[in-house]
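The values are calculated or read from the model by the stated rules, or taken from the named source; none is laboratory data. Given the structure is predicted, the values throughout are model-derived calculations rather than measurements. Backbone-built Cβ (ideal geometry, glycine too); neighbour counts: all protein chains shown.
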Amino acid sequence: MTFCLKSTIIKPEKGTNINNIIVLLHGYGGDGKDISMLTLNWKRHMPNTIFICPNAHEPCAINPSGYQWFDLTKDNPDYVLEETLKAEKKLNRFLDEVKNEYNLDNDKICLSGFSQGCMMSINIGLTSKQQFNCIVGFSGKIINLQDLKIRKKNSTDILLIHGDQDDIVPPTHLLEAKDFFLRESFNVETHFIKNCGHHIPIEASSIALNYILKKLNN
């Protein structure tokens, strides 16, 4: 099947049952191939998992060879929120197609993303009527605290990881998100990676892998 978002897909070995799905959402200016690099280590630990890494629906305004989930050229919170809601519609349609194709429900799906992809994973994951298996976010933030507080519909477990030297999405956003989730009674785990900027180092990848394995095996 061709999904509504062009995707890099890493399938299990031929003849292996697909029991779980990990959806990986790239950052601003990236694409599905970029974020799929995480699977190089992960896939051997999850033989019954398919990894699906979609390109966002829009070319990136400052990097036309990459994609964006929402435009960042205007520093206007209302505009940004409006653009993220458009992206959510696209992603929800995409996820419905994925679930229908592999006959799996949200409880068998982990949503994960980097930077802008992390922000979208949080919004998509927590505004769904049905809880996901887990959400794993790298170097992101909550796009709009007030909006999420109003629209959240489930309490999916969350892991957030952030570099303590991130100068693109400041690490204070992790603390802000952690405070929000604790106040709203979510199960949230957070990790700061020392001397790390705006990227996903091996340490962060390993922490995420162990968390996902624990959740998928529950």
Just checking, how many residues over the range 65-79 are modelled with pLDDT under 95, surrounded by 15 or more Cβ atoms within 10 Å (Cβ to Cβ) and not charged (D, E, K, R)? 1
Looking at I62 and the list (1) surrounded by 19 or more Cβ atoms within 10 Å (Cβ to Cβ); (2) modelled with pLDDT under 95, which single condition is not satisfied? (1)
Name the residue, out of K89, K99, K141, that is basic (K, R), under 17 Å from V23 (Cβ atoms) and surrounded by 15 or more Cβ atoms within 10 Å (Cβ to Cβ). K99
Which of the residues spanning the range 181-192 are within 18 Å of the chain's Cα centre (by Cα) and either small (G, A, S) or surrounded by 13 or more Cβ atoms within 10 Å (Cβ to Cβ) (or both)? F181, F186, V188, E189, T190, H191, F192
Does K141 satisfy the criteria of being within 25 Å of H199 (Cβ to Cβ) and basic (K, R)? yes
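Within the range 1-35, can you find the residues that are among the hydroxyl-bearing types (S, T, Y) and at pLDDT 95 or above? Spell out how you get there, then give the answer.
Of the residues in the range 1-35, the ones among the hydroxyl-bearing types (S, T, Y) are 2, 7-8, 16, 28.
Scanning the range 1-35 gives S7, T8, Y28.
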When the residues of the range 5-21 are filtered to those that are part of a loop (DSSP other than H, G, I, E, B) and β-branched (V, I, T), which remaining residue is nearest to the chain's Cα centre (by Cα)? I18
Can you name the condition, by its number, that P201 falls short on among (1) crowded, with 17+ Cβ neighbours inside 10 Å; (2) in contact with a strand residue (DSSP E or B) (Cβ under 8 Å, 6 or more places away or on another chain)? (1)
Filter the range 111-133 down to the residues that are closer than 11 Å to K152 by Cα and of a type in the set (S, T, Y), then identify the one that is surrounded by the fewest Cβ atoms within 10 Å (Cβ to Cβ). T127
In the range 22-60, what count of residues is obtained for those that are out of contact with any Pro (no Cβ under 7 Å at 6 or more places or on another chain) and in a helix (DSSP H, G or I)? 13
